[in-house]
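The values are calculated or read from the model by the stated rules, or taken from the named source; none is laboratory data. This is a predicted model, so every value here is computed, not measured. When we count neighbours, we look across all protein chains shown, and the Cβ atoms used for this are built from the backbone with ideal geometry, even at glycine.
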Amino acid sequence: MVQGRSTALFASLVLLNASLTFENVWPTPAIRFGYALSIELAVCILLLAAAYRWAGRLTRILAAFWVVLVVGRYLAVTGPGLYGREFNLYWDSAHLGNVAAMLARAAPWWLIAAVVVSAVLVIGLAYVLARAAFGQVAAAMEQRGPRVALGSLAAAVVLAYGVAAPRDTNPHVDADLGAGPVRVAFAHPVTPAYVRQARFVLATTGPAARPLPPGPPLDANLRALGGADVLLVFVESYGAITYDEPNVAAGLADARAALEAAIHDTGRRVVSAYVTSPTFGASSWLAHLTLLTGVEIRDQYAYTALMASRRETILAAFKRRGYRTVALMPGMRQAWPEGEFYGFDVIYGRDHLAYQGPQFGWWSIPDQYALAKFDDLERNRRPRAPVFAVFPTSTTHVPFGPVAPYQPDWARLLTNEPYDEGEAARALAARPDLTNLRPSYVRAMAYEFESLAGYLLQHADDFVLLVVGDHQPPAAVSGTGAPWDVPVHVIGRNAHVLDRLLQHGFRPGLTPERLTTGGMHGLVPMFFEAFSEVED
């Protein structure tokens, strides 16, 4: 009987410890159990030892608290594993509805339902198991011998953690701590993660305003452009992985070569560089605002604060020089209040683009069609003012599919039947594998390169094409520990613009140098200097 109780107690302690020390299995939402120790378990055991007379009553409270910790641990290890950054409960949870709707288009309904039901069952099971495990610990506390042994062991663990834990430990990486030949692995505690989340909410919603960093002067004569159109394309999830990861680079080699050939065949040149994005894996709007204002925006609080300010954007400089400013937003399915801050003359959302072809995933409108419709709405009009357009792509957005086929006949894209029926059916059938997104990512990026190459071949006029990656793809694609670097390409015939950018660290061709030219916000003064001539 005694041996049976000892076995149950040991199993309970192992279960409780494992539930707060598991790790992520990259690149999936799955977990695997590790060998670290949980400091929170040691604290709870100390509490039960000190309050052993009420230990039985505390099990319900501790079990509920434990479920909260388990959920926090899962978010703490899965967020960096899938997205490459910490999951923010306050801001990221606001987008869960859109993410769920997007995944519903990419996965069968039964799979989504199974995930939801499984999550509910897992949480319920976690509570039941935690309560049973703490019940075993509480029962052991009724006897002085086990109580002293467990309390002493827990106190030793807490002391070891307090003495050995480095204060700069990465909050997402568990560490091997200790001195001499004996080293003990501690899982990073979950409680501080919740404290960080609470402090962030208070800082965001409280009266104290965090000062915004200064931005560069947003005025330029733009004479070097000679009235040419400027098209700024934010390529969603276009990151350094497309060069750094051999398998991804090989999968994109042909499409990238075709883009480079289109550049040279049309008498254009391209210069390229790396910059560091203010975000990773998601939150594209932080990158967009950073580049359009020249102010580095790395979190939602700074984003909201800047949006509430009276800061100008680079659109103001183009407007002062007679440009018409356009937002091409095929992924915009609802009202976009932020558009007023940017100051666009016109915003073309999903409804304005009037796409009549097959719906390709959550975003539905292929990027090639968006470019063709942009020409129809703006660039083919005569007479007209020069255009500065901002185009965030959507085809390369998670989950990277299904991807539309490339249509060589651009005029056909604007008809009721933009694709052959069989061709469209095959493209729609190629759904992304949510457990391995790299093949879908390569497919989507290749389509983006092909569309940009085709667009260049369609136009003989001189315009400047700025291609900027907004951020690296999520860690489920880019891997763990990937840099936050993204490529920037400037394509055109204007020698003054391209040569000036070469002086700022850009290099000829589509392949950037490994060293970055700095943060994305630093592109604004570079672009404005390249687009302008020295005034007499």
Any chance residue 400 is touching a Phe, Trp or Tyr at 6+ places or on another chain (Cβ under 9 Å), on the phi > 0 side of the Ramachandran plot and of a type in the set (A, V, I, L, M, F, W, C)
yes
Residues of the range 357-388 satisfying the condition of being buried (at least 23 other Cβ atoms within 10 Å of the Cβ) and farther than 25 Å from residue 420 by Cα
388
Condition first: modelled with pLDDT of 95 or more, surrounded by fewer than 20 Cβ atoms within 10 Å (Cβ to Cβ) and either under 13 Å from residue 469 (Cβ atoms) or not basic (Lys, Arg) (or both). Can you find one or more residues in the range 277-287 that meet it?
no
What are the pairs, 6+ residues apart or on separate chains, where a residue within the range 125-139 that is basic (Lys, Arg) has its Cβ under 6 Å from a residue that is part of a helix (DSSP H, G or I)?
131/59; 131/63
Conditions: (1) among the basic types (Lys, Arg); (2) without any contact (Cβ under 8 Å) to a residue 40 or more places away in the chain; (3) in a helix (DSSP H, G or I). Residue 310 meets all but one. Number of the miss?
(3)
How many residues of the range 424-436 are within 29 Å of residue 263 (Cβ to Cβ) and either of a type in the set (S, T, N, Q) or out of contact with any Gly (no Cβ under 8 Å at 6 or more places or on another chain) (or both)? The answer is 1
Within the set of pairs 6 or more residues apart or between chains, which connect a residue that is without any contact (Cβ under 8 Å) to a residue 12 or more places away in the chain inside the range 404-424 to a residue that is assigned to a loop (DSSP other than H, G, I, E, B) with Cβ atoms less than 6 Å apart?
412/418
If I go through the range 8-37 residue by residue, how many of them are in a helix (DSSP H, G or I) and surrounded by 14 or more Cβ atoms within 10 Å (Cβ to Cβ)?
8
Somewhere in the range 451-459, is a residue within 24 Å of the chain's Cα centre (by Cα), in the same structural domain as residue 520 (by TED's automatic domain parsing), over 30 Å from residue 380 (Cα atoms) and part of a helix (DSSP H, G or I)?
no
Applying the selection to the range 494-536, what residues are of a type in the set (Lys, Arg) and not in a helix (DSSP H, G or I)?
507, 514
Within the range 404-448, the residues that are within 23 Å of residue 252 (Cβ to Cβ), among the polar types (S, T, N, Q) and exposed (fewer than 14 other Cβ atoms within 10 Å of the Cβ) are 435, 436
Take residue 433 and tell me if it is over 25 Å from residue 354 (Cβ atoms) and without any contact (Cβ under 8 Å) to a residue 40 or more places away in the chain.
yes
